[in-house]
1. Filter segment 68-119 down to residues that are part of a helix (DSSP H, G or I), in contact (Cβ under 8 Å) with a residue 60 or more places away in the chain and not aliphatic (A, V, I, L, M) and give me whichever is least open to solvent (accessible area, probe 1.4 Å).
2. Looking at segment 1-15, which of its residues are within 15 Å of Ala77 (Cβ to Cβ) and either over 8 Å from the mean Cα position of the chain (by Cα) or acidic (Asp, Glu) (or both)?
3. So is Tyr45 over 17 Å from Ala6 (Cβ atoms) and either of a type in the set (Phe, Trp, Tyr) or in a helix (DSSP H, G or I) (or both) or not?
4. Does Glu62 satisfy the criteria of being part of a helix (DSSP H, G or I) and at pLDDT 95 or above?
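The values are calculated or read from the model by the stated rules, or taken from the named source; none is laboratory data. Because the structure is a prediction, the values reported are computed rather than measured. Cβ placement follows ideal geometry from the backbone for every residue including glycine, while neighbour counts extend to all protein chains displayed. These area figures cover heavy atoms from the full protein model, side chains too; ligands, DNA and RNA do not enter into them. Shrake-Rupley method; radii C 1.70, N 1.55, O 1.52, S 1.80 Å.
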Amino acid sequence: MIKIEAIVREDKFEDVKKALQDIEVNGITVYQVMGCGTQKGYVEYVRGHQVDINMLPKIKFEIVVSSEEWEEKTIDAIQRAAYTGNPGDGKIFSYEIKSAVRIRTKETGFDAIQPQKNN
């Protein structure tokens, strides 16, 4: 199992969500976050005083997939949907997951991250 974290521009939220739905990745968690990278933010003037804004609003997606094949498909979909070609497009990270447990059924591993059949 692999966890994918993607931090993207706020205005790319719907595009990334749709790209994930199109490849049938449905188990996602989304956060509104603040951060900065190489773009270093921007300067704004408030009541005549310069204010450096270096923490920019972003969207963070967390997705757990079952295999390296799904990792590759998911990262590719996110990258295509989030791309603008400008600084601040974001980052994608992936990590190995040691274990997963579905609380309700106590299913573990691969079974814990698969969609549930209607019971």
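1. Thr74
2. Matches in segment 1-15: Ile2, Glu5, Lys12, Phe13, Glu14, Asp15.
3. So Tyr45 passes the test.
4. no
Every residue, every condition in (1) surrounded by 12 or more Cβ atoms within 10 Å (Cβ to Cβ); (2) modelled with pLDDT of 95 or more; (3) within 18 Å of Ile92 (Cβ to Cβ), yes or no:
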| residue | (1), (2), (3) |
| --- | --- |
| Ala6 | yes, yes, yes |
| Lys12 | yes, yes, yes |
| Asp15 | yes, yes, yes |
| Tyr31 | no, yes, yes |
| Gly35 | yes, no, yes |
| Glu44 | no, no, no |
| Arg47 | no, no, no |
| Gln50 | no, no, no |
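Residue by residue, here is whether (1) of a type in the set (Asp, Glu); (2) touching a strand residue (DSSP E or B) at 6+ places or on another chain (Cβ under 9 Å) holds:
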| position | (1), (2) |
| --- | --- |
| Ile4 | no, yes |
| Lys12 | no, yes |
| Val33 | no, yes |
| Glu62 | yes, yes |
| Glu72 | yes, no |
| Ala81 | no, yes |
| Pro115 | no, no |
